[in-house]
Amino acid sequence: MAIEKSEAIILRTLNFRDTSKILTAYTLDHGLVSLIAKGVRGPKPRFGSALEIFAHVDLVYYNKDSRDLQLLSQASLLEAHLGLASNLDRYRHACAVLEFLLKLLSGQEPPGKLYPLALRTLEVLEKAPVASLGSLFLAFQIKAVSFLGHRPELFSCISCRESLTEPVYFAPLHGGTVCDNCVVEVDGTRTITQSQLGFLQRLMKSTLAELFEDVPSSEFMADTRGIFELFLASQLDRYEPSRSLRQIPNRHALGLREALKAGDPLGN
């Protein structure tokens, strides 16, 4: 049994028996880790907000390769991200980030750019203008899948590799854009407008902070998201559209901060 230490983001929590919790943490050093935190619930919860979803923490735990649940020893809160509970749209988009990570990660990913991207996305969603949250979440998805080897081709034709001129098509199954000359050779294409293509290119190239003022219309956003959803569904075996963004959880009785402490962002 080894003692492991790592920075982490808490993705999911589940109350277990009378005083314990089961956690899913995305760690900087070891990817996804499932943990049991014994004796942490009660009138004065041990570790406080460090074991709530969205929390950025330092963890110490006992790791044994032969078991699925590792034993948590210590948790130190670095940032609670409580501002994500200040607005329902912020909360829903932050929950969608956690959902996406849980679907995207297998637990075997080496350290890389995805962890800092996930952490930065939560920080940005906490402070960005509410109207830009949809653009920021889509940018997170594009960057995340790119870091894991599924980068969509948005700047040239996937068939001939030439620059794109109108009309342009998108082939989700084949991973990107297709020019007018090659469209007859590629199955499953659909038209993508120059505005939609330019928007996706901007989301891929820009930092999250540079997208604060990127606020397309709801119709444009829905259509463009639909195109990229087709790409995600065709490239990722475990992908499903976000439940957090598909429905508004009924959290009025609890309040948003209490919803955070419930540990289940999807309302299951």
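List of remarks:
- Neighbour net charge for Met204 - beta-carbon separation under 15 angstrom, K R +1, D E -1: +3
- For the chain, built as a Gaussian network whose Cα springs stay under 10 Å, the top-fluctuating residue of Leu197, Leu23, Leu32: Leu197
- Relative to the Cα centre, the charge distribution of region 2-79, modelled as +1 at Lys and Arg Cβ and -1 at Asp and Glu Cβ, gives a dipole magnitude of about 420 debye.
- Between the helical axis of 114-127 and the longest alpha-carbon principal axis of the chain there is an angle of about 90 degrees.
- Over the chain, dividing the summed -39,500 (n - 2.57) contributions of all DSSP H runs of at least 4 residues by the number of residues returns a 222 nm mean residue ellipticity of -10000 deg cm²/dmol.
- Using alpha-carbon coordinates, inclination of helix 133-147 to the longest axis of the chain, degrees: 90
- For Leu11, distant residues with modelled amide H under 5 Å away: Thr24, Ala25, Tyr26
- Amide H contacts of Gly176: Glu153, Ala171, each under 5 Å away and 5 or more positions distant or on a separate chain (H built 1.01 Å from N in the peptide plane; Pro and chain starts excluded).
- The Leu14 and Leu230 beta-carbon pair, evaluated with R₀ = 30 Å, returns a calculated FRET efficiency of approximately 0.40.
- Calculated from backbone phi, Karplus (6.51, -1.76, 1.60) coupling profile of region 63-74 in Hz, x at Gly/Pro: 10, 10, 4, 7, 10, 7, 9, 8, 8, 6, 10, 9
- Mean separation of Cα contacts under 8 Å, 6 or more apart, over the residue count of region 139-257: relative contact order %: 21
- Lys pairs under 13 Å by Cα in the chain, provided they are eight or more residues apart or on distinct chains: 4
- Of Ala128, Ser217, Val183, farthest towards positive along the dipole that unit charges on Lys, Arg, Asp, Glu beta carbons give the chain: Ala128
- The equivalent ellipsoid of region 38-107 has semi-axes of 24, 19, 10 Å, largest first, where each one is the square root of 5 times an eigenvalue of the Cα gyration tensor.
- Put a plus charge on the Cβ of each Lys and Arg, a minus charge on the Cβ of each Asp and Glu, and nothing anywhere else: the dipole of region 192-232 about its Cα centre is then about 140 debye.
- Taking amide hydrogens as placed 1.01 Å from N in the peptide plane, the amide H of Phe16 sits under 5 Å from those of Lys21, Ile22, each at least 5 positions away in sequence or on another chain.
- Cα-derived Rg over Rh, computed across the chain with Rh taken as Kirkwood radius: 1.02
- Charge dipole magnitude, Cβ of K and R +1, D and E -1 - the chain, Cα centre, debye nearest 20: 1160
- Normalised by the number of residues in the chain, the mean separation of alpha-carbon contacts (under 8 Å, six or more apart) gives a relative contact order of 18 percent.
- Residues Glu126, Glu166, Glu240, sorted so that the one with the fewest Cβ neighbours within 10 Å comes first: Glu166, Glu240, Glu126
- Note: relative contact order over region 1-79, using C-alpha pairs below 8 Å and six or more positions apart, is 33 percent.
- Neighbour counting of Cβ atoms within 10 Å sorts the residues Ile36, Ile10, Ile3, Ile142, fewest neighbours leading, into Ile3, Ile36, Ile142, Ile10.
- Helix 218-235 axis versus longest C-alpha principal axis of the chain: approximately 80°, rounded to the nearest ten.
- Computed over region 2-79, Cα set: Rg, Dmax in Å: 11.3, 34
- Positive-end residue of Ala8, Gly39, Tyr62, charge dipole of region 2-79 with Cβ unit charges: Gly39
- Radius of gyration and Dmax over the Cα atoms of region 144-189, both given in Å: 10.4, 31
Each value in this text was obtained by applying a stated rule to the coordinates, not by laboratory testing. Owing to the predicted nature of the structure, the values given are computational and were not obtained by experimental measurement. Neighbour counts are summed over all protein chains in view; Cβ atoms, including those assigned to glycine, are modelled from backbone coordinates with ideal geometry.
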